[in-house]
Structures are given as structure tokens and as C-alpha cells.
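The values are calculated or read from the model by the stated rules, or taken from the named source; none is laboratory data. Given the structure is predicted, the values throughout are model-derived calculations rather than measurements. As a convention, Cβ positions derive from the backbone with ideal geometry for all residues, glycine included, and neighbour counts pool all protein chains shown.
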Amino acid sequence: MHRFCSFFIFVGLLAAEPADWIWSARYVITENAARPVILNGAVAIRGERIVGVGTRAEIDARFQAKQRLDRPEAILAPGLINTHTHAAMSLFRGIADDLRLQDWLEKFIFPAEAKNVSAEFVRWGTRLGCLEMLLGGTTTFTDMYYFEDVVAEVAKEAGMRGVLGETIIGFPVADSKTPADTLKFTERYLIRFRGDPLVVAAVAPHALYTNSDETLRASRALANKYQAPLIIHLSETKKENDDTLEKRHMTPTKVLDSLGVWNGRSVAAHCVWVNEADLAILKERGVGVAHCPSSNMKLGSGVAPVVRMLALDMAVGLGPDGPAGSNNDFDLFEEMDLAAKLQKVTTLNPQALPAAAALEMATIRGARALGMEKEIGSLEDGKRADLIMVRLDRPNAVPLYDPISQMVYALKAGDVRDVMVNGKPVVRDARILTLDEKQILLKAAEYREKVSASLK
């Protein structure tokens, strides 16, 4: 009898599909079309892709894995997707707070950047940003800054996914003296990273008010030539809207539409001061929106009409924005929580933006905003293996009645225990595997001294 049992076990192992990893947890939040939450669930990974999602019993019966990670006191969820940030600005964290956007930019940020930003500044600032993001469960970030080729190098070093846009702006900056020079640099950058498994190179004209019409048209043409996304700030403040209306008798959304800027894959950050006509344009053009609740609140910029955007089924994601003063961190758990609560308090309706909608914005809807919903944003067969484990064994995590509510309103970035990007573990037991954390923190301290001295 023992021989027969051994025989059937052997045959079962031969029949099992191979997998590199099986990750299992008490709950698996899938964010697929049906939005199931699987109790005692598991995910099988082969190479860069997910090959199975189901109960642990189903996955164990179907797959034989080389390695396992079992977390019975955790939630397994899709990696969080940051749709707007400036990672290297982590080295300016807290340099100037409690200011309006234009004062913050013109009196502090632009001068500080002119004195400090270099390729190495961007390298170490991006390392610090990626370190914080990965430890907090963000697996994809959307960036807009200078020396974006260096940002891409760091993203790959960290094992992190990025939609990374080279900033194009109408005055001399650290990596370019003119917009024409930046466009040439950006084209070389697009060519270098075309087809990369982690980096989506993008074109990032800063905003309507910092670029000429000619530069904006050229930016769109360049993005379309390489089928790349275009990233831009849009209607972040009332002043921006009022100035544009006075000068051009159109909203910024309408002006950019008239220039053809929306004729291609686009991501518009903020979209606070948009009206119904603007929303109709953005919806028709398929523009992804990056909602930045912390930034909009901290700068006093206003409240984006996210409830209306979701009613129109627009592709709206979440972004922490830059950590220099418009937010100060890269915490997407905080952004989920604030996105839901900000809409509730401004509409006086506690059901305006429920937890499930906030989690969608940080996962599958955020992927839609980037035009990447077929690759990331949910746990489904064939998608990239971007996963996070969030621990449930801390005081703020118990008791648990609804895993989705817990993710949005109770759990924190510091509760993330394990992270996988593109099938490779990058965080294990809350420790980074791909970056030298100690060295990054030492460098951040060095740059603080340099930045402080430059502002005296």
C-alpha cells in the first residue's frame, strides 16, 4: 500500500505545473473584474508573470513551486501604483512648508534646484525615493524630473517599475538650457529605454504655463513618434486657471486640446480646477488623471472633483506628488485614506468615495490611468507579478472584518512586509533586497548639509 501511495504522489508531482514562487496569505485581494477577495488564497508566479490565482488548496494542487512564501497573518494584494511624483525631490523633503504653490516654486524650489540639482543629486534622491516607495508597497511610480535617464537607471537598480518622464520646461535647468535641447535629449532617452521590462520612458512637459505652444506641440509629436506617454501638470491651482482664462479665454484643458496635446497616451496630474466641459474632453481623449489629495490639501490648491470623474468612469489614479513641501512623503496608503475622506467631507456624503473605490485608484484604475491595465494593477493570470504582503498582526490591523476597508482606513505603509516586482522579490521581512539602505541614508544626510549651505 505504501508503494502505491508513493507512486501516486510521484505521478501528481509530475503532472503539476512548474512555478518559481507561490505566495499565500489569509486574504488575497485580486482587483480583477469581479473584485473577489479570496480567503486563504495564493498566487503562483513563473518568470515575470502570474500563472495562477486561487485558494491555497487550488494553487498547491496545480503547481509545484521552487520557492514559497506563506503569510497566514497577511493580506496579499497587487502592488500599489503611484501615478504622479518627483522622486529625486526627496532630498528637498521639508525644505519649505505651508506655502502656496507659486510661492513654494518660485521662492524656494526653483532656486534650490538651480544650486543643487545634478545627475548625482538625482541618482541619490531617486534611490531614497525608491527605497521609501518599495518599503511602503509601491511597485510602480510615475515620475517627472530632470536627468530622467538616471532615474531610469536607479529604478532598474531597485527592481522597481516606472513610467518616467523627462521634464521639459521653458527656462534653463540642470540638465538642459533650452526646451529644444531637452527635446533632443528626451528622444535619445526614449530610444535607450524602448522595450525595457521595467521602464516606460515618457515625455513630460511641465505645464501649460511653463512651456510655449510650440514646445507643447513638439512634446506631443515626440511622444507619439515613440508611442510613449505624455505627462503634464494640469489645472492644479485656481490662479493657473484664472490666468489662462484671462489670457486665452479658454481653460488649460481646452487650450491643450486645441494644441493637440491630448491626441495620444496622456497623464494629467492634479486636475483640481476642471469643469464639466474639461472633464468631457479628458474623458473623450482617454486622458489618465493623477489625483494628489495630500499635495492639493497641503498647498491649499483645492479639491479635485473625483466623485464626478469616477461617475464618468474616467481613469483616475493616485499620486503623492513631490516630497519637498507639496506632500513630504511617498505613502500611497495615506493617499488612499485621504482620497476617500476628502471627497466625503467636501460632499458631506460618507458614501461619496468608498474604500473599494480608493483601493481601485491605487491599483487597477491607476493602471488604467497609465495605459498599463493589461500588464499591472490586479492579480490575474498573465499579468506582471507585482505583489505586496501587508501584515495583519499589529494592533492597528485587528480586529479585521473587511480586508478592503482595512487596507484603506487602518493599514499603513509600515505594515508592508514583502514586495515582489516583475517576479523578483525586492523587499523581504520589511528589508530592502536591492538597495543599500544604510548608504542611502548617509548620503541623504550629506545632501541635507549641502542644500542647507546653498540656501544661506
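Criterion first (assigned to a loop (DSSP other than H, G, I, E, B) and over 24 Å from the mean Cα position of the chain (by Cα)) does Asp98 satisfy it? It would help to see each step written out before you state the result.
Working: assigned to a loop (DSSP other than H, G, I, E, B): yes; over 24 Å from the mean Cα position of the chain (by Cα): yes.
Taking the combined requirement at face value, the residue satisfies it.
Does Asn275 meet the test of being in the same structural domain as Leu208 (by TED's automatic domain parsing), surrounded by fewer than 18 Cβ atoms within 10 Å (Cβ to Cβ) and either of a type in the set (Gly, Ala, Ser) or in contact with a helix residue (DSSP H, G or I) (Cβ under 8 Å, 6 or more places away or on another chain) (or both)? Full working, then the answer.
Details: in the same structural domain as Leu208 (by TED's automatic domain parsing): yes; surrounded by fewer than 18 Cβ atoms within 10 Å (Cβ to Cβ): yes; either of a type in the set (Gly, Ala, Ser) or in contact with a helix residue (DSSP H, G or I) (Cβ under 8 Å, 6 or more places away or on another chain) (or both): no.
No: the conditions fail for Asn275.
Spot the failing condition for Ile38; the list is (1) over 25 Å from Ala362 (Cβ atoms); (2) surrounded by fewer than 24 Cβ atoms within 10 Å (Cβ to Cβ); (3) β-branched (Val, Ile, Thr), and only one is missed. Single failed check for Ile38: (1).
For Phe171, state whether it is in contact with a Gly (Cβ under 7 Å, 6 or more places away or on another chain) and either within 26 Å of Arg220 (Cα to Cα) or buried (at least 23 other Cβ atoms within 10 Å of the Cβ) (or both). Break it down stepwise before answering.
Numbers: in contact with a Gly (Cβ under 7 Å, 6 or more places away or on another chain): no; either within 26 Å of Arg220 (Cα to Cα) or buried (at least 23 other Cβ atoms within 10 Å of the Cβ) (or both): yes.
No.
Just one of (1) more than 23 Å from the chain's Cα centre (by Cα); (2) more than 23 Å from Gly382 (Cβ to Cβ); (3) not in a helix (DSSP H, G or I) fails for Ala65. It is (2). Of the listed requirements (1) assigned to a loop (DSSP other than H, G, I, E, B); (2) among the hydroxyl-bearing types (Ser, Thr, Tyr); (3) farther than 21 Å from Asp20 by Cα, Thr346 misses just one: (1). Once the stretch 102-158 is narrowed to residues that are within 15 Å of the chain's Cα centre (by Cα), of a type in the set (Ser, Thr, Tyr) and closer than 16 Å to Tyr447 by Cβ, the residue that is surrounded by the most Cβ atoms within 10 Å (Cβ to Cβ) is Thr126. Among the residues of the stretch 20-35, those identified as surrounded by fewer than 22 Cβ atoms within 10 Å (Cβ to Cβ) and among the aliphatic types (A, V, I, L, M) are Ala33, Ala34. Cβ-Cβ contacts under 7 Å between residues 6 or more apart (or on different chains), taken from a first residue in the stretch 409-438 that is assigned by TED's automatic domain parsing to the domain that holds Ala25 to a second residue that is assigned to a helix (DSSP H, G or I) and small (Gly, Ala, Ser), are listed as Tyr409/Ala355; Ala410/Ala397; Leu411/Ala397; Asp415/Ala397.
Out of curiosity, is Leu392 surrounded by fewer than 17 Cβ atoms within 10 Å (Cβ to Cβ), assigned by TED's automatic domain parsing to the domain that holds Arg35 and touching a Leu at 6+ places or on another chain (Cβ under 7 Å)?
no
Taken as a whole, the condition of being buried (at least 24 other Cβ atoms within 10 Å of the Cβ) and of a type outside the set (D, E, K, R) applies to Ala362. For the stretch 111-163, a tally of residues being farther than 18 Å from Asp321 by Cβ, in a loop (DSSP other than H, G, I, E, B) and either β-branched (Val, Ile, Thr) or out of contact with any helix residue (DSSP H, G or I) (no Cβ under 7 Å at 6 or more places or on another chain) (or both) returns 2.
Looking at Leu400, Leu379, Leu435, Leu411, just one residue is touching a Cys at 6+ places or on another chain (Cβ under 9 Å) and not in a helix (DSSP H, G or I), and that residue is Leu435. When you scan the stretch 351-373, do you find a residue that is β-branched (Val, Ile, Thr), modelled with pLDDT of 95 or more, in a helix (DSSP H, G or I) and out of contact with any helix residue (DSSP H, G or I) (no Cβ under 9 Å at 6 or more places or on another chain), even just one? The answer is yes; a qualifying residue exists.
Yes/no matrix, rows are residues, columns are (1) more than 24 Å from Met361 (Cα to Cα); (2) free of Cβ contacts under 8 Å to residues at least 60 places away in the same chain; (3) among the acidic types (Asp, Glu):
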{"site": "Glu113", "(1), (2), (3)": "yes, no, yes"}
{"site": "Asn116", "(1), (2), (3)": "yes, no, no"}
{"site": "Glu120", "(1), (2), (3)": "yes, yes, yes"}
{"site": "Leu128", "(1), (2), (3)": "yes, no, no"}
{"site": "Gly136", "(1), (2), (3)": "no, no, no"}
{"site": "Tyr145", "(1), (2), (3)": "no, yes, no"}
{"site": "Asp149", "(1), (2), (3)": "yes, yes, yes"}
{"site": "Ala155", "(1), (2), (3)": "no, yes, no"}
